1. Scanning for something at pLDDT 95 or above, part of a loop (DSSP other than H, G, I, E, B) and within 12 Å of A:Val267 (Cα to Cα), does the stretch B:257-272 turn up at least one residue?
2. Which is open to solvent by less than 10 Å² (accessible area, probe 1.4 Å) and either in contact with a Gly (Cβ under 8 Å, 6 or more places away or on another chain) or of a type in the set (Gly, Ala, Ser) (or both), of A:Gly141, A:Gly87?
3. Just give me the residues in the stretch A:107-156 being part of a helix (DSSP H, G or I), more than 18 Å from A:Leu180 (Cα to Cα) and without any contact (Cβ under 8 Å) to a residue 60 or more places away in the chain, in sequence order.
4. Take A:Thr281 and tell me if it is in contact with a Phe, Trp or Tyr (Cβ under 7 Å, 6 or more places away or on another chain), open to solvent by less than 10 Å² (accessible area, probe 1.4 Å) and more than 10 Å from chain B (Cβ to nearest Cβ).
5. What is the number of the single condition among (1) at the interface with another protein chain (Cβ under 7 Å from one of its Cβ atoms); (2) out of contact with any Ser or Thr (no Cβ under 8 Å at 6 or more places or on another chain); (3) open to solvent by 10 Å² or more (accessible area, probe 1.4 Å) that B:Ser249 does not meet?
6. If B:Thr266 satisfies every condition in (1) open to solvent by 30 Å² or more (accessible area, probe 1.4 Å); (2) facing chain A (nearest Cβ under 7 Å) but one, which is the exception?
7. Please find, among B:Asp156, B:Asp191, B:Asp152, B:Asp200, the residue that is closer than 26 Å to A:Val53 by Cα, out of contact with any helix residue (DSSP H, G or I) (no Cβ under 6 Å at 6 or more places or on another chain) and open to solvent by 40 Å² or more (accessible area, probe 1.4 Å).
8. Would you confirm, using the coordinates I've provided, whether B:Gly305 is of a type outside the set (D, E, K, R), in a loop (DSSP other than H, G, I, E, B) and open to solvent by less than 10 Å² (accessible area, probe 1.4 Å)?
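The values are calculated or read from the model by the stated rules, or taken from the named source; none is laboratory data. Because the structure is a prediction, the values reported are computed rather than measured. No Cβ is skipped: glycine too gets one built from the backbone with ideal geometry, and neighbour counts run over all protein chains shown. These accessible areas exclude ligands, DNA and RNA; they are computed on the full protein's heavy atoms, side chains included. Shrake-Rupley method; radii C 1.70, N 1.55, O 1.52, S 1.80 Å.
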There are 2 protein chains.
Amino acid sequence: MITMMTMTAKYTMRTVAKSCQKGFIKSMPSAMRSLNSIKDDNSSKIVVSPPLVTLDLPEAWTPNSNPYQRLPPLNCSNEPTASVIDGKSIAEEIRSTIAREVRRMKKFIGKVPGLAVILVGERRDSQTYVRNKILACEEAGIKSIVSEFPEDCTEDEVLSALSNYNEDASIHGILVQLPLPQHLDEGKILDAMSLEKDVDGFHPLNMGNLAMRGGEPLFIPCTPKGCIELLIRLGVEIVGKNAVVIGRSNIVGLPTSLLLQRHHATVSIVHALTENPEQITSEADIVVAAAGVPNLVRGSWIKPGAVVLDVGTCPVEDPSCEYGYRLMGDVCYEEAVRLASAITPVPGGVGPMTIAMLLSNTLDSAKRANNFI
Amino acid sequence: MITMMTMTAKYTMRTVAKSCQKGFIKSMPSAMRSLNSIKDDNSSKIVVSPPLVTLDLPEAWTPNSNPYQRLPPLNCSNEPTASVIDGKSIAEEIRSTIAREVRRMKKFIGKVPGLAVILVGERRDSQTYVRNKILACEEAGIKSIVSEFPEDCTEDEVLSALSNYNEDASIHGILVQLPLPQHLDEGKILDAMSLEKDVDGFHPLNMGNLAMRGGEPLFIPCTPKGCIELLIRLGVEIVGKNAVVIGRSNIVGLPTSLLLQRHHATVSIVHALTENPEQITSEADIVVAAAGVPNLVRGSWIKPGAVVLDVGTCPVEDPSCEYGYRLMGDVCYEEAVRLASAITPVPGGVGPMTIAMLLSNTLDSAKRANNFI
């Protein structure tokens with residue numbers, strides 16, 4: 001963060017100096033004038049805007065004092081006001097409809113959808129996610145294959161597996177479980193995936209078509225699609241409403257903000273460098289929390305009556321749980337449930353919807369590939 | 001707008017009914033319950049989210065009572081507080097640097113950048129924009145060609161010209177002046193353009209790379225790039241600040257919001273369906289107005305001390321002007337100048353920066369094509 005600030009300051013100082021020398025600003029507030037004495041040593045540069053990638057920063061959210069423990073109850077007698085959104089039941093309903101469609105496809109054209117998953121390394125949370133996806137595929141009658149690679153595998157090994165799946169006509173969706181180990185170039189690997197099989201919808205062309213009016217992405221990323229599906233099924237009005245997306249990851253925050261915008265919400269994106277996240281969020285009718293920071297969103301962030309979707313699934317050590325850890329959301333549930341009109345729990349809220357949407361995208365892809373309606 | 005509302009209502013009603021039947025919501029606020037009696041006739045649908053293109057709507061802003069006339073002065077004695085941002089001078093400085101670079105390129109490799117413009121129809125404002133771009137090219141030593149087509153030309157004629165320019169090694173940038181007549185498929189025509197020559201940066205792949213962390217668009221769209229360039233040159237802090245973009249066109253609003261976000265602003269996008277645009281805008285440190293509605297942004301929309309960039313250039317009949325019309329911005333200048341810390345005038349603010357950035361993108365493209373640094 002310090003690097004960024006320094007860089008920005010350098011740019012602004014240089015360029016203000018330049019502007020002032022040329023008399024660009026017809027009158028100038030004192031805050032700007034104070035930088036006037038900095039020397040301009042950059043006169044041959046045509047534009048001063050830095051390349052975008054140099055601006056990328058890790059999302060270093062200011063952590064809560066003790067985010068991993070349950071917070072004490074609010075010092076008030078409010079009873080819960082929120083409906084608990086049962087994502088698990090909604091997802092099950094969707095998955096059973098998908099299973100019916102898969103049987104119909106098999107009956108009429110003798111084929112079923114196929115999903116290939118590439119898993120690198122031994123992150124427990126990634127292993128759990130992949131296991132859940134595979135189980136869901138099996139249950140729906142979708143063929144699935146997992147290619148597992150050790151943490152220290154080479155990029156070429158992953159690219160080679162990807163290339164095979166690109167060519168394999170029985171595979172309609174390919175999924176690279178993120179995050180990848182640091183030594184692998186995530187962008188390069190995702191770029192190598194056939195666009196027609198990118199059921200996660202992470203390709204930049206898909207993202208551009210998601211963003212642009214008139215654009216028709218081949219796939220809508222699963223978690224954002226699951227969030228919108230929840231809102232629509234619950235009868236939450238989206239058009240014109242204030243929606244705040246907390247977090248701006250390529251996987252969740254960014255596509256969720258773009259999708260809400262296509263649905264005509266008025267979207268604000270809050271991130272780790274936002275100066276007043278609490279105030280901005282507290283004006284939202286719809287909050288999608290996707291920062292990955294347990295208990296980031298306190299009760300004071302929630303407008304009474306807001307609909308709150310908690311995408312956070314931070315694994316926290318807990319020996320009493322089946323796999324040795326439990327998942328914690330971004331939202332302080334105990335507080336938010338007293339203010340929101342509807343809220344997703346963690347687990348059992350958005351998570352199951354993500355898997356259901358993955359199956360839905362895989363089925364859509366298989367139908368498209370086989371021209372089956 | 002009515003069609004959209006009806007459609008949304010239909011979706012929400014159907015799906016709320018479905019949710020209720022299945023007991024998805026563990027408790028339900030009365031507003032949701034009231035829709036409970038609607039019949040579910042859509043049970044075989046897997047996801048209820050509609051296709052995104054079906055959601056697209058014309059941006060029908062509520063017009064001001066008499067937007068085309070100058071408003072009466074505010075009923076207060078406030079003096080102007082804002083620095084007037086002299087986009088014309090800043091753009092001239094940038095263009096003269098570009099001209100130096102073009103001369104250097106010619107000297108060392110014997111080549112100059114080339115820009116081809118496709119202009120369809122006889123819109124006066126489009127003709128003026130194209131004329132200004134060509135004049136700017138000539139002044140900078142950039143070769144330029146204009147292909148003009150009548151209003152009723154066929155798509156194939158335009159596509160054929162585009163294809164020729166795609167192949168022509170002396171052309172490094174191609175620009176299709178928008179808007180095109182309704183009978184031409186804008187998406188299809190823009191898709192046919194070589195990505196390496198899309199100096200407007202309107203291709204979905206470019207837009208996706210602009211949106212995504214780690215993405216490196218080949219070109220940043222000219223108006224958004226010009227806006228950021230102004231902010232940086234003026235020493236306006238962007239990181240963490242509240243920025244509101246008014247309007248969400250593919251050409252200006254959308255890419256400006258994405259670019260501000262890459263620069264770490266906290267961005268909100270206000271559009272024609274936003275319920276409370278005045279309130280949201282009045283909390284912004286940086287306002288970019290790109291709705292194309294004269295005088296939409298009144299003084300009450302502006303937070304004292306905000307920086308205001310007015311992208312609006314609505315042509316309004318005025319026989320006293322050289323070409324029979326004058327350009328009006330989205331911002332009620334007389335009011336905003338009393339509140340903002342800095343503001344762009346119309347004309348002479350963002351407009352000249354757009355042209356300068358077009359030349360900059362064309363030069364960058366020529367350098368890339370010729371491997372010239």
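1. Step one: of the stretch B:257-272, the residues at pLDDT 95 or above are B:257-272.
Now drop any that are not part of a loop (DSSP other than H, G, I, E, B), which leaves B:263-265, B:271-272.
So of that shortlist, the ones also within 12 Å of A:Val267 (Cα to Cα) come out as B:271.
Yes; the residues of the stretch B:257-272 include at least one that is at pLDDT 95 or above, part of a loop (DSSP other than H, G, I, E, B) and within 12 Å of A:Val267 (Cα to Cα).
2. A:Gly87
3. Of everything in the stretch A:107-156, those that are part of a helix (DSSP H, G or I), more than 18 Å from A:Leu180 (Cα to Cα) and without any contact (Cβ under 8 Å) to a residue 60 or more places away in the chain turn out to be A:Lys107, A:Ile134, A:Leu135, A:Glu138, A:Glu139.
4. Against the criterion (in contact with a Phe, Trp or Tyr (Cβ under 7 Å, 6 or more places away or on another chain), open to solvent by less than 10 Å² (accessible area, probe 1.4 Å) and more than 10 Å from chain B (Cβ to nearest Cβ)), A:Thr281 qualifies.
5. So the condition that B:Ser249 fails would be (1).
6. The failed condition is (1).
7. None of the other options fit; the residue is B:Asp191.
8. Against the criterion (of a type outside the set (D, E, K, R), in a loop (DSSP other than H, G, I, E, B) and open to solvent by less than 10 Å² (accessible area, probe 1.4 Å)), B:Gly305 does not qualify.
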